[in-house]
Amino acid sequence: MSNVYIVMGKTQTGKSVIIRSLTGVSKRQRKWEIRTKEDGDINICVLVRSLQEEDKIQTVNELLEWCENCENILLALRLGGRTRVKGYKHIREFIEKRHSISPIVVLAKGEEQQEIRKELQKIGVPQGNIEFFEPKAIPTNAIAAKIRKKWRWK
């Protein structure tokens, strides 16, 4: 089972920018090294674009196969828009497959946050496992610094 790190939000909320800021990765990588506060260095599979935008990887099963059994996965998911599948469906699949979900980072405006929280809780995400940031309200590097602390990354 994998540890899954998720950054989610609507289109144009900065999901990919946050992932690039967290990792330095500009395009998807199968194995990328991240230093953590507790476990030392970990290898992580990084998907910079949202899963719904990818050309060759469109489902959770395809992502797991592409990651070649990597123990850690970082990905972006879209909440809605013109996407075929909302990110909630993918999160539910990870939960059903018994993967460990790290606190989910959600980029959303204040008035949208309550509805998103309800949807995430409906699919089994505990309240304490959701971290909201208002996109473009604070600089990307400040958001990334807070996420690193939440995920216990250096």
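The values are calculated or read from the model by the stated rules, or taken from the named source; none is laboratory data. Note that the structure is predicted; figures quoted are calculated from it, not measured. Every residue, glycine as well, gets a Cβ built from its backbone with ideal geometry; the counts of neighbours run over all protein chains shown.
Overview of values
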quantity: Selection from segment 21-75 of residues that are among the polar types (S, T, N, Q) and assigned to a strand (DSSP E or B); calculated: GLN29, THR36, ASN43, SER50, ASN72
quantity: Set ILE57, ILE44: member being touching a Phe, Trp or Tyr at 6+ places or on another chain (Cβ under 7 Å) and surrounded by fewer than 21 Cβ atoms within 10 Å (Cβ to Cβ); calculated: ILE57
quantity: Residue within segment 113-124 that is among the aliphatic types (A, V, I, L, M), in a loop (DSSP other than H, G, I, E, B), out of contact with any Pro (no Cβ under 7 Å at 6 or more places or on another chain) and more than 20 Å from ARG20 (Cβ to Cβ) present; calculated: yes
quantity: Some residue of segment 31-42 being at pLDDT 85 or above and among the hydroxyl-bearing types (Ser, Thr, Tyr); calculated: yes
quantity: Options ILE123, ILE104: the member that is at pLDDT 95 or above and either out of contact with any Cys (no Cβ under 8 Å at 6 or more places or on another chain) or not polar (S, T, N, Q) (or both); calculated: ILE104
quantity: Selected residue (criterion: surrounded by the most Cβ atoms within 10 Å (Cβ to Cβ)) from residues of segment 116-136 that are touching a helix residue (DSSP H, G or I) at 6+ places or on another chain (Cβ under 9 Å) and closer than 12 Å to GLY14 by Cβ; calculated: PHE133
quantity: Among (1) under 16 Å from ARG148 (Cα atoms); (2) of a type in the set (A, V, I, L, M); (3) crowded, with 21+ Cβ neighbours inside 10 Å - the single one LEU51 does not satisfy; calculated: (1)
quantity: Counted residues, segment 21-41 - those being surrounded by 15 or more Cβ atoms within 10 Å (Cβ to Cβ) and closer than 17 Å to ASN72 by Cβ; calculated: 8
quantity: Residues of segment 74-90 satisfying the condition of being closer than 25 Å to SER21 by Cβ and touching a helix residue (DSSP H, G or I) at 6+ places or on another chain (Cβ under 7 Å); calculated: LEU74, LEU75, ALA76, LEU77, ARG78, LEU79, THR83, TYR88, HIS90
